[in-house]
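Each reported figure results from applying straightforward, stated rules to the coordinates on display, with no laboratory input. This one's a predicted model, so the numbers in the text were calculated from it and none came from an experiment. Here the Cβ positions follow ideal geometry from the backbone for every residue, glycine too, while neighbour counts run over all protein chains shown.
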Amino acid sequence: MKKNIFTLVQLRPFLCLWASQSVSEMGTAMTNYALVIWAYEQTGTAASLTGLTLCSFLPTILFRFIAGAVADRWNKKHIMLAADAFAACGSLAILLLYTSASLTVMWLYGINFLLSLMNAFQVPAAYVATSLLVPKEYYTKTGGLQAASGALISILSPVLGSVLLSFGGLEAVLAVDLGTFAVAFLTLVFLPIPSLKRDAQTGKESVGQNILSGFRFLRQHATLFRLILLIAFVNLLAKLGPDGQMPAFILSRTENNQSVLGAVQSAVALGLLAGGSLISFLKPPGDDTAGILLMCVLVFLMGILFAVSRHTVLWCVFAFLQYLFAAAMNVYWGAKMRNDVPIEMQGRVFSARDTLQNCTIPSGLYLGGILTDRVFEPAMRRPSVFRQLFAPVVGGQNGAGIALLFFLVSVMGFAVCTLCLYRHSGKRTKTVK
């Protein structure tokens, strides 16, 4: 009991930051949901929604390099306060435009772009701030809490956003969003976050040199660099398979049954929530790298079982487990980065890591659609040796082609990650001896 009380006292600053930021993220998620509905009602086109996503995605990728270096050079709390204030101004601008009947989709594009730009600076600053507030032995547990709250926000924000839209319209959603910003901003104002002095090398270097130093650090630390390359490969396979084409898989296999798709997507969200929550209560692994690799192996094993299944219940079970293991992998990966990277370099190294491991995602999304429509689906529809070979595995009905793609990328990921885990275990055994 005394230990638990002592732990809560140690983590109180982090818990205050985490709770207030989670409340703010919930408000932002509800607003994003409401704006997607509003934009579609105005235009009736999917292209308008794609444009909103693109404007929210591009700045984070394009400016994360600079943001990481800035997070290491400037005061973390000031960066986060500026980002929160700017985000509040964005929501206020949307509210004023809407109430004056001047809001258009083009306005949303511009505001989303600017908000995403500020988010690119806030994320690395918040990452480093968490490292400053949390003792090392609690990195995994706090990472689990962050993962669980993120999953819970994904589950609840559409529901709460719909309720607010029904009773108060877009004005009510935006008003609640501004209230959540106020909670996060005021909490951050009064929350003491330790300042971090720049190391001598960082002070001498320009911002451009700081940016490159994040990549140099990763290149000089072989284990981290190899893990980043592996995660980049995992992201490529994930976007080729379940993470990128889940709706297409379910709808093609069930003759466009949206209820089944909703059930599977709910299982995914619950898996993420369960994974983050479970890690918060488990003892951290003695070897972070082994934990990351084992979770990757289990993710792809569930992917294999998901691909060959042909029943809603099985899809839900394997999707739940797959994303539970994925959430655990992300928590272990975040903890390893915090443990292995000096705090004074975490902003730029974190940004370099994200850029490298996420650079394969667009290719995976693009190639997944092409391979499904032009290669695997046609091959599984016509009589051939190819169909005879794989039909016993994935079936021969509608959606067999995309199921085969899921199966093959999952087998490939399982094999590669198992080999990496085996080699890491062998090296660790030799080191212990």
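Tabulated data
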read-out: Shape category assigned to the range 192-322 from the gyration tensor of Cα positions, a/c cut at 1.5; value: prolate
read-out: The chain: C-alpha gyration tensor shape, a/c 1.5 cut-off, then a/b vs b/c; value: oblate
read-out: Computed magnitude of the charge dipole of the chain (debye, nearest 20; Cβ of K, R +1, Cβ of D, E -1); value: 1680 debye
read-out: Spatially proximal aspartates and glutamates relative to LYS283 (Cα-Cα < 18 Å; intrachain offsets below 8 disregarded); value: GLU137
read-out: Gain upon complete extension [LYS283, LEU314; 0.36 nm per residue less C-alpha separation]; value: 8.2 nm
read-out: Pairwise label distance in nanometres, VAL163 with ALA85, each label 7 Å out on the Cα-Cβ vector; value: 3.3 nm
read-out: Cβ-placed point charges (K, R +1; D, E -1), dipole of the range 211-433 about Cα centre in debye, nearest 20; value: 660 debye
read-out: Label-to-label distance, nm, for residues given as GLU344 and PHE386 (7 Å Cα→Cβ offset); value: 5.7 nm
read-out: ³J(HN,Hα), Karplus 6.51/-1.76/1.60, whole Hz, each residue of the range 233-246, x for Gly, Pro; value: 5, 4, 4, 4, 5, 4, 6, 5, x, x, 5, x, 10, 4
read-out: Positive-end extreme of charge dipole, the chain - chosen from LEU324, ALA403, SER425 (charges on Cβ); value: SER425
read-out: Stretch gain in nm, segment LYS136-SER100, where the contour uses 0.36 nm per residue and the Cα spacing is subtracted; value: 7.9 nm
read-out: Förster radius 22 Å - calculated FRET efficiency between TYR366 and VAL411 (Cβ-Cβ, nearest 0.05); value: 0.50
read-out: Reachable aspartates and glutamates from LYS136, criterion Cα separation under 17 angstrom, eight or more residues apart if same chain; value: ASP287, ASP288, ASP340, GLU344
